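The values are calculated or read from the model by the stated rules, or taken from the named source; none is laboratory data. Note that the structure is predicted; figures quoted are calculated from it, not measured. Methodologically, a virtual Cβ is constructed for each residue, glycine included, from the backbone with ideal geometry; neighbour enumeration extends over all protein chains shown. Areas reflect the complete protein model, heavy atoms only, side chains present, ligands, DNA and RNA absent. Shrake-Rupley method; radii C 1.70, N 1.55, O 1.52, S 1.80 Å.
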Amino acid sequence: MNEWPTNRLGSLPIVRAGMEESADAFIQLALERRGAGGRPFYSTSANGQVIALCEHDANFRSLTRQADQIHADGMSVVLFSKLSSAEPLPERVATTDLVHAVAERASAAGVSFYFLGASEEVNARAVENMSKAYPGLRFAGRRNGYFDRAEEEAVVEAINAAAPDILWIGFGVPLEQQFVVRNINRLHNVGLIKTSGGLFDFLAGSKSRAPRWMQKVGLEWFYRMLLEPRRLATRYLTTNPVAIYAMLRHSLRALSAGR
């Protein structure tokens, strides 16, 4: 997967890969790393918020770029690639969809999951719902995200003891990236790490996805804003212009360098 081509969007290299091949690669990577020890493969995602944060925050940009792979989890990122590249990103690889594509394959291949993050209730319900949806899916363990730095070493030890093939971490940006970078070299019994944002809320049913037609035309952000106008309207108004500026600036710079 490290050899997959990328598109430069803002300050980040976004992998040019679709949903199905990404899910296949997750299973392959997890199985290859099972019992091997050492650093797990690290996959994260970028949307307009992430690209905007990377533009303003050099530390967060460094954290994000330490990932082995960055997926496009935002239609604005995909659409901009279609306008700025002869080889655009094929599609949005939303974590809320990717987890199902991976789970379907994992249940057949015997690949195990570990859910880390969200409240105790949401985490437990997310695991319960996924276990019902995919009867063959094995959970090596789970833990809520309410712990402090003093407990972090014990959390890492518990994850290593469970030895999950894929660790899904849902703390939100930037806490999940910070956790991964602090601990990735100690998570030696994990095959693959995927940062997941608010994934567990959707799996638990605490939050709803947009209708499929809205997802297809890139309006899921609008649906979510209607549900959480106070929180998301402010976020979109402050981050989207910065993300567009960042993608334009870096694209123009790349074009100038190619001349």
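Open to solvent by less than 40 Å² (accessible area, probe 1.4 Å), assigned to a helix (DSSP H, G or I) and in contact with an Asp or Glu (Cβ under 9 Å, 6 or more places away or on another chain), is that true of Leu98?
yes
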>> Here is a check on your reading of the model: is Ala254 in contact with a strand residue (DSSP E or B) (Cβ under 8 Å, 6 or more places away or on another chain) and either over 18 Å from Gly74 (Cα atoms) or modelled with pLDDT of 95 or more (or both)?
In response: yes
> Tell me, which residue of the stretch 7-32 that is open to solvent by 50 Å² or more (accessible area, probe 1.4 Å) and at pLDDT 95 or above is nearest to Asp68 (Cα to Cα)?
Replying inline: Arg16
>> Filter the stretch 53-67 down to the residues that are over 13 Å from Gln177 (Cβ atoms) and at pLDDT 90 or above and list them by number.
In response: Ala58
>> If I ask for residues that are within 22 Å of Gln178 (Cβ to Cβ) and surrounded by fewer than 15 Cβ atoms within 10 Å (Cβ to Cβ), which ones from the stretch 121-151 would you list?
In response: Tyr146, Phe147, Asp148, Arg149, Ala150, Glu151
> Among (1) at pLDDT 90 or above; (2) touching an Asp or Glu at 6+ places or on another chain (Cβ under 9 Å), which single condition is Asn2 missing?
Replying inline: (1)
> Of the residues Phe80, Phe115, Phe60, which is farther than 18 Å from Pro174 by Cα, aromatic (Phe, Trp, Tyr) and either open to solvent by less than 10 Å² (accessible area, probe 1.4 Å) or over 15 Å from the mean Cα position of the chain (by Cα) (or both)?
Replying inline: Phe80
